[in-house]
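K.L.:
Provided herewith is a single structure, encoded as C-alpha cells, for subsequent inquiry.
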Amino acid sequence: MRSWSAEVFIEAGNTLGEGPIWWRKRNLLVWVDILECKVFAANGSGSIVDTFEMPEPVGCVFEMLDGSLLAGCQTGLRTVPDGILIAKIPNASPDVRINDGKVDPWGNLVFGTMGFPEPRKGEGALWRWDGKTFSELLDGVTIPNGMVWRQEQSEFLFIDTPSKCIKTYQYGASTNRLGEPVSVVDLAGFDGDPDGMCEGPNGDLYVAMWDGASVVEIRANGEITPFPIPTARPTSLLYDAPLNFFIVTSASANDVLDRAGGSLFKVSLGSPNE
C-alpha cells in the first residue's frame, strides 16, 4: 500500500472547482469554477495570478497546440480570456452545459454534456471536436466525468458518474463513435460517487470520489484502495509525474465543518509496498 499525504494547496473558495490542467505555455496550474463561470491560473507556489470571467458556466479548459486556452462552456467552446464563442455544441440549449473534458492523444477536444441546472438521466452525450466538426462519441450520458486514454492499447476509459463504474472502450485516431465497452471496473462498493480521473505512476488510475472524502487508487493488478482527502467533495485531479504529486480540486459542501471545501489540495504519493 502506498503512503499518502494531502494538504491544502490553494484556498480558492470554489463553489464547484473542476478540471485542473498544466498550462504548459505559461507554466501555470489552470482550473475552473463551473457555477461561478471562472477560469483560474496559479503559479507553482499556489498564488492565483489570473482569474478569467466567462459569460456562462464553464465545465473544463483545454490548452491548444499554440498554447492558447479554450473553455468548454454552456453553449460551446469559448476563447480564454475574452470568451468568444468559436464552436457551438450541436445540442446547445439553456438546459444543457458542458462538464468534464480533455484533449485526446491526437489533439481532439473530447468533452461531455449534461442537463443543467440539474442532471437528467440519459440527457447528455460525449462529444469530440477535431477543430472543424463535432462527432457524437456516445449518447445517453447523465454526468460525464473522468477520462483517460491509453494510446498504446488503443483504449479510452470513461466515467458516467451515476453508473459508479469506469468503462473502457476501443479508441483510435479516427474514432467518431464508441462501441460497446470492452471492460468495466465497478466502484459501487466504495463511499461516494466517481468523478474526475487521471493516470498516475505505473499506469495506475486515480478517481476523485464526490461525497466520499477520498481518492480511489486502482492498480494494474486490480487492487483498489481509497485514500482520504480532507474535504467531502473532491472533484478532479491532475498528476505531476516529475514531482510525484497530485493536485485535487474540490467543491464547497453544506457541512459547516468542511471548511476546506472548494480548496485545491496537494497530495504526495509514496512508493507502494508490493
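K.L.:
If you roll a 1.4 Å probe over the heavy atoms of the protein chains, what accessible area per residue do you get for the chain, in Å²?
P.N.:
43 Å²
K.L.:
If N is the number of residues in the chain, what value comes out of its Cα radius of gyration divided by 2.2 N^0.38 Å?
P.N.:
Normalised Rg, Cα atoms only: 0.93.
K.L.:
With a sphere of radius 11 Å drawn around the Cβ of residue 48, what net charge do the other residues whose Cβ falls strictly inside it have (Lys, Arg +1; Asp, Glu -1)? Kindly include the intermediate steps, with their values, before the conclusion.
P.N.:
Working: positive: 38; negative: 11, 50.
After counting each charged neighbour, the total is -1.
K.L.:
Something else now. Taking 8 Å as the Cα distance limit and 6 or more residues as the minimum spacing, I'd like the relative contact order of the range 1-115 as a percentage.
P.N.:
In percent, rounded to a whole number, it is 17.
K.L.:
Okay, next question. Rounded to two decimals, what ratio of Rg to Rh does the range 150-253 give with C-alpha atoms and a Kirkwood Rh?
P.N.:
0.97
K.L.:
Which three extents, in whole angstrom, do the alpha-carbon atoms of the range 6-79 cover along their principal axes, largest first?
P.N.:
Cα extents, longest axis first: 35, 29, 19 Å.
K.L.:
Relative contact order of the range 55-117, please, whole-number percent, based on alpha carbon pairs below 8 angstrom and at least 6 residues apart.
P.N.:
Contact order relative to length: 29 percent.
K.L.:
A follow-up question, please. Between their Cα atoms, which of 38/266; 102/266; 25/121; 88/167; 121/266 are more than 30 Å away from each other?
P.N.:
25/121; 121/266
K.L.:
With 10 Å bins from zero, work out the P(r) of the range 106-195 over every alpha carbon pair and list the percent per bin.
P.N.:
With 10 Å bins starting at 0, P(r) equals 17, 50, 29, 4, 0.
K.L.:
Right, next: So which GluC sites (Glu not before Pro) in the range 11-84 are both in a DSSP loop and have at most 15 other Cβ atoms within 10 Å of their Cβ?
P.N.:
11
K.L.:
Then there's this: Work out which trypsin sites (Lys or Arg not before Pro) in the chain are exposed loop sites (DSSP not H, G, I, E or B, at most 13 other Cβ within 10 Å) and give the longest gap free of them.
P.N.:
Maximal segment without exposed cleavage sites: 178-274.
K.L.:
In whole percent, and with a 1.4 Å probe on the protein chains, what portion of the accessible area of the chain is carbon and sulfur? Write down the numbers at each step before the final one.
P.N.:
On the way: 5650 of 11700 Å².
Answer for the chain is 48 percent, counting heavy atoms of protein chains only.
K.L.:
Evaluate 2.2 N^0.38 Å with N set to the residue count of the range 86-133, then give the Cα radius of gyration divided by it. Before the final figure, lay out the partial values.
P.N.:
Details: Rg = 11.2 Å, N = 48, 2.2 N^0.38 = 9.6 Å.
The reported ratio for this selection is 1.17.
K.L.:
Normalised by the empirical 2.2 N^0.38 Å for globular proteins, what value does the Cα Rg of the range 19-122 take?
P.N.:
After normalising by residue count via 2.2 N^0.38 Å, the value is 1.03.
K.L.:
Relative contact order, percent, of the chain when contacts are C-alpha pairs under 8 Å separated by at least 6 residues?
P.N.:
17 percent.
The values are calculated or read from the model by the stated rules, or taken from the named source; none is laboratory data. Since this is a predicted model, take the numbers as computed values, not measurements. Every residue, glycine among them, receives a Cβ derived from its backbone with ideal geometry; neighbour counts consider all protein chains shown. What goes into the accessible areas is simple: the full protein's heavy atoms, side chains included, and nothing from ligands, DNA or RNA. Shrake-Rupley method; radii C 1.70, N 1.55, O 1.52, S 1.80 Å.
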